Amino acid sequence: MEYGICNLAIAPLRAEPSERAEQVSQILFGETFEIMEWTGQWVRIITAFDGYEGWLNKLLFTTLDQTSYQSLIINPAPFTAIPVTLVRKRIDNSMVYLPFGSSLSFLDGTIVDIAGDAFEIMTEIGEQPDFEVIAKSFLNTPYLWGGRTHFGIDCSGFTQAVMRTQNILLKRDAYMQAEQGHTVDFLQEAKLGDLAFFDNDEGRIVHVGVMLNNERIIHASGRVRIDTIDNQGIYAADQKKYTHKLRIIKRLL
């Protein structure tokens, strides 16, 4: 088995081994994965964080030995709850701007050392903001299929990112996340941090958001936004219509 780790701020994970293929997710700095297959310029991988599969360009990561990989599985690296700036010390002193949720793998003091490539943390990292502040920090982030950062995010990427700050590891896609947690029987019982899932006419889970209380939800739809919710679903006041049909509410916190 071979292993890899992302040494760039963000790397697109694609459905097929092609730059033109659909982006299904993103790999962030310091995240690791198993390499399942090599095809020319591409590798098929399974991510360690959420078990997601896709294709990654071989220029967007560096390989990792099994011992180092296993050490991060046993003792997961801390991750960034705020954007962080690094300086690549041993090669070119270039700046690396890490998005929210990046992993500070092999952190020693202020140095992140990835396979001999040393990055120094330049940002002062204070206390992590509370959950609602973190969720609202994504407001107006544009919707991006497969996105996981403040520069672009999809609905399940958003819920996965903010729940991770509460040590809740969600799967990548909405229908996968809907299988986790415990059902909240009534909308009136929903509270901050509960996840609401929505289905299409065929009954397939296609959307997810984070409840702020039992009347308001924050979710990625066009952009990250706050809307009202009732037993029918999400009502977008600016569009004067219901946009998503409520299926189920789950509690993980």
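Here, each number is a calculation from the coordinates, and none is a lab measurement. From a predicted model like this one, the values you see are computed outputs, not experimental measurements. Here Cβ is always computed from backbone atoms with ideal geometry, including for glycine, and neighbour counts include all displayed protein chains.
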Reachable aspartates and glutamates from Lys250, Cα under 12 Å, same-chain residues fewer than 8 places away excluded? Glu179, Asp185, Glu189, Asp194
Nearest-20 debye value, the chain charge dipole, Cβ charges on Lys, Arg, Asp, Glu: 500
Residue by residue through region 226-239, which ³J(HN,Hα) values in whole Hz follow from phi under the Karplus form 6.51 cos²θ - 1.76 cosθ + 1.60 (θ = phi - 60°), with glycine and proline marked x? 10, 10, 8, 9, 9, 5, 7, x, 8, 10, 9, 4, 5, 9
Inter-site label distance for Ile73 and Gln239 at 7 Å from Cα along Cβ, in nm: 4.2
When the charge dipole of the chain is computed with +1 on Lys and Arg Cβ and -1 on Asp and Glu Cβ about the Cα centre, the Cα farthest towards its positive end, among Gly51, Leu28, Ile153, belongs to Ile153
Multiply the residue gap between Thr110 and Arg223 by 0.36 nm, knock off their C-alpha separation, and tell me the result in nm, one decimal place. 37.3 nm
For Lys241, the aspartates and glutamates lying under 19 Å Cα to Cα, once residues fewer than eight places off in the same chain are dropped, come out as Asp199, Asp201, Glu215, Asp227, Asp230
What is the angle, in °, between the Cα long axis of helix 155-164 and the longest principal axis of the Cα atoms in the chain? Nearest 10 is fine, range 0 to 90. 70
Relative contact order (percent, whole number), region 141-220, Cα cutoff 8 Å, 6+ residue spacing: 26
Dipole in debye (nearest 20) - region 158-204, about Cα centre, beta carbon charges: Lys, Arg +1; Asp, Glu -1: 360
If the only charges are +1 at each Lys and Arg Cβ and -1 at each Asp and Glu Cβ, what is the size of the charge dipole of region 100-212 around the Cα centre, to the nearest 20 debye? 160
Put +1 on the Cβ of every Lys and Arg and -1 on every Asp and Glu Cβ in the chain; which of Leu169, Ala196, Thr63 then has its Cα farthest towards the positive end of the dipole? Ala196
Step through the table entries Lys136/Lys245; Lys58/Lys191; Lys58/Lys89; Lys89/Lys136, compare each Cα-Cα distance with 32 Å, and write down the pairs that go over it. Lys58/Lys191; Lys89/Lys136
Extension gain (nm, one decimal) between Thr123 and Asn57, 0.36 nm per residue minus Cα-Cα: 20.9 nm
Between [x] 1, 5, 8, 9, 8, 8, 7, 6, 5, 4, 4, 4, 4, 4, 4, 4, 3, 3, 3, 3, 2, 2, 1, 0, 0; [y] 1, 6, 14, 18, 21, 19, 13, 6, 1, 0; [z] 1, 6, 13, 17, 18, 16, 12, 9, 5, 3, 1, 0, which matches P(r) over Cα pairs in 5 Å bins from 0, in percent calculated for the structure shown? [z]
For region 117-175, projected area of the alpha-carbon convex hull averaged over all directions, nm²: 5.6
